[in-house]
Each structure stands twice: as structure tokens, then as C-alpha cells.
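Beneath this line is the structure, given in C-alpha cells, with notes to follow.
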Amino acid sequence: MLKPSILDYTQRELQDLFKPAFRAKQIYNWIYQQHAESFEAMENIPKKLRSELAQNYTLSPLEIVQEQKSSDGSIKYLFRLGDGHTVESVLLKMKEAEYDEKGTLIHHAKYTICVSSQVGCKVGCAFCLTAKGGFIRNLSAGEIVGQVLEIKKRNNIASNRRVNIVYMGMGEPLDNLDNLAKAIRIFSDENGLSISPKRQTVSTSGISSKIKKLGEMDLGVQLAISLHAVDDELRQRLIPMNKAYNIASIIEAVKAFPVNTRKRVMFEYLVIKDVNDDVKSAKKLIKLLEGIKSKVNLIYFNPYPGTPFQRPEPERVRAFQEYLLERGVLCTIRESKGIDISAACGQLREQEL
Ligand code: SAH
Ligand code: SF4
């Protein structure tokens, strides 16, 4: 039997397990702020409790077994889980421009970590490499949290340095809603990693009923919808689940989703050559998004061996973007990071060790 990981527990749960209650705060501090490497190193915790912890829990449920650096600075990590399965995560470094208190423009690195939520995925999108391996299992909350903690440690990212999280790695996060919600809470604990839900973006292929549930939980996370097509017939071919959850049901769920007043729901649109890159689709997209505070993110399809789909022409993507911008719809084109190391969107998968 594998030991449970201490990363699976919210501070609240630890308070119930270990008395007095402030022990939970101390344990959180050691793990997430001091980056402790063992329970033994947790000096202000009584020796007896330290050995009890070491006997019953693991400090980390996963370990980095491979690391690949892209020429653009992003780094892909392969993690091995306790049962031998593997998942991938990506650290993205972007430059962020900000004004300091004197009004001087400064640039600093903004870190975003793209995490996996499942080993494999059930949804089976026609364009996605993750889907090819089928579904193996859900990740626990601790296995989701551990990806971020290990990547911060490995890169010496100061513990008080906040990072952004995007649930855009392997898996469909809303198909693992309980563990996802728990991970969101553990991440945002102020005695822990202190990553506010506003800095966490859940990307979903559109399980409408679960979007509603996530909204009702009112966690304060950002929402990204992988829309990719504007009519049901095409969307069904790309994302088989669209049969059960069609575009109208997704739009309805998004309209009911609580959004921070300064934020927008992101609609991801994977642009595939000669499939959905026409201006007619852009026109339909505007109609669909009417009444939603949205932002469209165009993603170039990233090809891989064996796929029937092709990368679109840059002119077509720009024309699509311009059509939206000219009509007042915010739209960006996502830079594909990490293509050279297969770390870009939809290129993550389980690997043989
Ligand atoms: N399952 C979730 C989150 C993980 S996928 C979802 O589908 O939203 C993250 C993003 O990568 C999604 O928008 C997905 O559609 C996109 N993606 C999948 N395959 C891709 C590919 N080959 N090229 C570019 N983006 C891809
Ligand atoms: Fe799953 Fe997302 Fe890939 Fe679709 S795109 S198969 S939902 S990981």
C-alpha cells in the first residue's frame, strides 16, 4: 500500500488530525514556504510527531524524472507518480512589464505553470495527442499541487514568489472536479503557496453540467473554454463529447458562471487549416459570444506524426483575429511555446520510462 501524501490535505484537515491546531500551520509553512526536504527537517515540530509523520505520509507523491528545456526558455517536466504512471507539466516564463512605485517601467519574469489533472483523458478530442493514450486515472489533489511545488523547488523560485497556474496539461480538469477543487483550495492557502484563485485558470473542453457545478462552488477561479468550433456538427467531429454537451449548453453555463468583475472568460479557439479558419466562422463566433465578457485566444494547431490536421497559414489566423478585433471582440493569438520539445498545447502525453 502506498502511503498517503501530506500534500493531499488542506490546512483545515491537518488541524483535525494533529493537535494543537497550530501544528497544521507549522507543517504548511515547512512544506510550502521553507521548501523542507524531509519531515525530520521540521525543527519546531516535536520529534515524536515528526517521526509519526514520516512513518505515515510521504512528503511528495511524485518526482521529476526528466527535464527538457526549450529554446524559448520554457521547461517541460516528466513526473513519475507513486504507482509508476507519468504526467507532464510545463514551466513557462514570460516577461511582464510593470511600473514600480516611482513610476519606472520594469520588466520581470512572470512564471506560469501548466499542470496536468489526469493521467490521460476520457474526452478523446480528434486533434489532441493526450487523447491517444486513452484514460488511466485521475490525479489526487496532492499530485496536482506537487507538480507546482516540485517545479518551484527545482528552479529556485522563491517561496513567496507567486506563480500563475493553468490547468491545461494532460486531462480534463472538470472530469476530476473534487480533486481539482481541493487543489485550488490548497494552492490558495495563505500559509501555503498563496496562489489566489484569480491566478488559476481552469480550461475545459466544455462539460456544461460541471461548469455549472464549478460556478456554484464560487471558488473565484478563471474559466477558459476550449470552443474550437462554432457549429455543433463540426464540434462533434472534433470533440465527441459535444453530442452530450452542445454549444448552446456551454454558452448557457458560461453565462451563469461568476466572473471577477475585472476578468473575462477566455474562449480558446484551436485554428486548424481548412477546417475552422474561415471568416464565416469568425462571424458566427461573434454572435455566440454576444452578452459575455469574453476574450478569444487563437491557438495554432500543433501537428504531430499521424494527425490528419494541419497548421493554419499565419495570414488566415491574423485575418480571423482582425475580423474579431474590428468588431470589438478582444482577441489574442497564443504564442506556441515549447514546440521544439513537444511541450506546446495538446502535445503532452504519458511516457515510457
Ligand atoms: N482538457 C482541457 C485542458 C487541457 S488541453 C481542455 O481541453 O481544455 C489544453 C488546450 O490545448 C486545449 O484548449 C486544447 O484544445 C488544446 N490542444 C489540444 N491539442 C492541441 C494541438 N494539437 N495543438 C494545439 N492545441 C491543442
Ligand atoms: Fe482531453 Fe483536453 Fe486533450 Fe480534449 S483537448 S482530449 S479534453 S486533454
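The values are calculated or read from the model by the stated rules, or taken from the named source; none is laboratory data. All values reported here derive from a predicted model rather than from experimental measurement. Glycine gets a Cβ as well: all are built from the backbone with ideal geometry, and neighbour counts include every protein chain shown. With ligands, DNA and RNA removed, areas are computed over all heavy atoms of the protein, side chains included. Shrake-Rupley method; radii C 1.70, N 1.55, O 1.52, S 1.80 Å.
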Inset, instruction - Kindly indicate whether R154 is surrounded by fewer than 17 Cβ atoms within 10 Å (Cβ to Cβ), modelled with pLDDT of 90 or more and among the basic types (K, R). - result: yes
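Conditions tested, residue by residue: (1) in contact (Cβ under 8 Å) with a residue 40 or more places away in the chain; (2) away from ligand 1 (no atom under 16 Å from the Cβ); (3) not assigned by TED's automatic domain parsing to the domain that holds R199.
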residue	(1), (2), (3)
V259	no, yes, no
P303	no, no, no
G306	no, no, no
P314	no, no, no
V317	yes, no, no
Inset, instruction - Write out, first by first residue and then by second, each pair whose Cβ atoms fall under 6 Å of each other, whose residues are 6+ apart or on separate chains, and whose first residue, in segment 1-28, is outside the structural domain of S194 (by TED's automatic domain parsing) and in contact (Cβ under 8 Å) with a residue 40 or more places away in the chain while the second is part of a loop (DSSP other than H, G, I, E, B) and surrounded by fewer than 16 Cβ atoms within 10 Å (Cβ to Cβ). - result: K25/N191; Y28/N191
Legend entry - Tally of residues being away from ligand 2 (no atom under 16 Å from the Cβ), farther than 20 Å from R334 by Cα and open to solvent by less than 20 Å² (accessible area, probe 1.4 Å) across segment 195-239: 3
Legend entry - Close pairs from segment 189-218: first in the same structural domain as G169 (by TED's automatic domain parsing), partner among the acidic types (D, E) and open to solvent by less than 60 Å² (accessible area, probe 1.4 Å), Cβ under 8 Å, at least 6 apart: S203/E268; T204/E172; S205/E172; I207/E172; I207/D175; K210/D175
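For every residue, the table says whether it meets (1) part of a helix (DSSP H, G or I); (2) surrounded by fewer than 16 Cβ atoms within 10 Å (Cβ to Cβ); (3) out of contact with any Cys (no Cβ under 8 Å at 6 or more places or on another chain).
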position	(1), (2), (3)
M241	yes, no, yes
I251	yes, no, yes
P258	no, yes, yes
Y269	no, no, yes
V275	no, no, yes
E290	no, yes, yes
N302	no, no, no
P312	no, no, yes
Inset, instruction - Determine if segment 159-171 includes at least one residue that is open to solvent by less than 10 Å² (accessible area, probe 1.4 Å) and within 9 Å of ligand 2 (Cβ to nearest atom). - result: yes
Inset, instruction - Give me a count of the residues in segment 4-33 that are farther than 19 Å from L180 by Cα, modelled with pLDDT of 95 or more and open to solvent by 70 Å² or more (accessible area, probe 1.4 Å). - result: 4
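Taking segment 182-217 on its own, how many of its residues are part of a helix (DSSP H, G or I) and farther than 26 Å from A36 by Cβ? So that I can check it myself, show each step before the final result.
Quick first cut of segment 182-217, residues part of a helix (DSSP H, G or I) only: 182-188, 197-199, 208-217.
Applying the additional criterion that residues be farther than 26 Å from A36 by Cβ yields 198, 208-217.
Residues meeting the conditions: 11.
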Inset, instruction - Read through the list (1) crowded, with 22+ Cβ neighbours inside 10 Å; (2) at pLDDT 95 or above, then give the number of the only condition that T130 fails. - result: (2)
